[in-house]
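Everything on this sheet refers to the single structure shown next.
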Amino acid sequence: MKIKHIFLSFAVLCFLFAACEKEQELPPEEPEVVDTGERIAPHGGTLVVLGDEAGYLEIVLDDSIGKLTVYVLDGMAKNSVELSQGSIDLDVTKRVLMGKGVEVITYNLSLQPDGGSKSAFSVTDNRLKGLTSFQGNIKSISINGNTFSNVGFNYPQ
């Protein structure tokens with residue numbers, strides 16, 4: 001009987017000790033990041049994917065002053081990526097209704113680093129003023145060790 005009382009007393013003490021112990025607060029769990037595949041152009045332009053998301057180019061045209069800017073972005077289209085090349089050569093093709101036919105006009109443009117950064121390239125050209133849509137072709141661009149040639153796109157997308 002004495003052993004039963006000792007065992008019961010020990011069990012009660014263990015229960016009380018466990019009940020009085022403070023709960024340890026765990027840090028909040030990190031939410032799981034799910035890549036939905038949707039990319040949003042950070043500057044409000046048109047995104048052009050390079051390869052299997054090796055990077056993105058964001059094309060922005062300010063047609064009021066004729067300024068075309070190409071932003072170089074990472075594979076998530078969020079962060080700027082610096083290029084080693086000094087310029088980006090781009091063809092802009094527009095279609096113009098002339099009488100009863102359509103004339104195709106192509107401008108060969110060389111975009112230079114914008115503000116000293118090699119993650120944004122731009123050109124200002126009077127021929128781009130008032131232009132709201134065009135087909136573009138980037139002749140060659142190297143990003144993250146990959147070279148892409150004749151990258152075509154429509155602006156706006």
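Where a number appears in this text, it was derived from the coordinates with a stated rule and is not lab data. Keep in mind it's a predicted model, so treat the numbers as computed, not measured. Neighbour counts run over all protein chains shown; Cβ positions are idealised from the backbone, glycine included.
Prolate is the label for region 46-102. Its Cα gyration tensor axes, ordered a ≥ b ≥ c, give a/c of at least 1.5 and a/b above b/c. Computed over region 46-155, the percent of Cα pairs more than 16 Å apart is 57. Taking the Cα centre of region 46-155 as reference, the dipole from Cβ charges on Lys and Arg (+1) and Asp and Glu (-1) amounts to some 400 debye.
Take the Cβ atoms of ASN154 and ASN126, set R0 to 35 Å, and the FRET efficiency comes out at 0.95.
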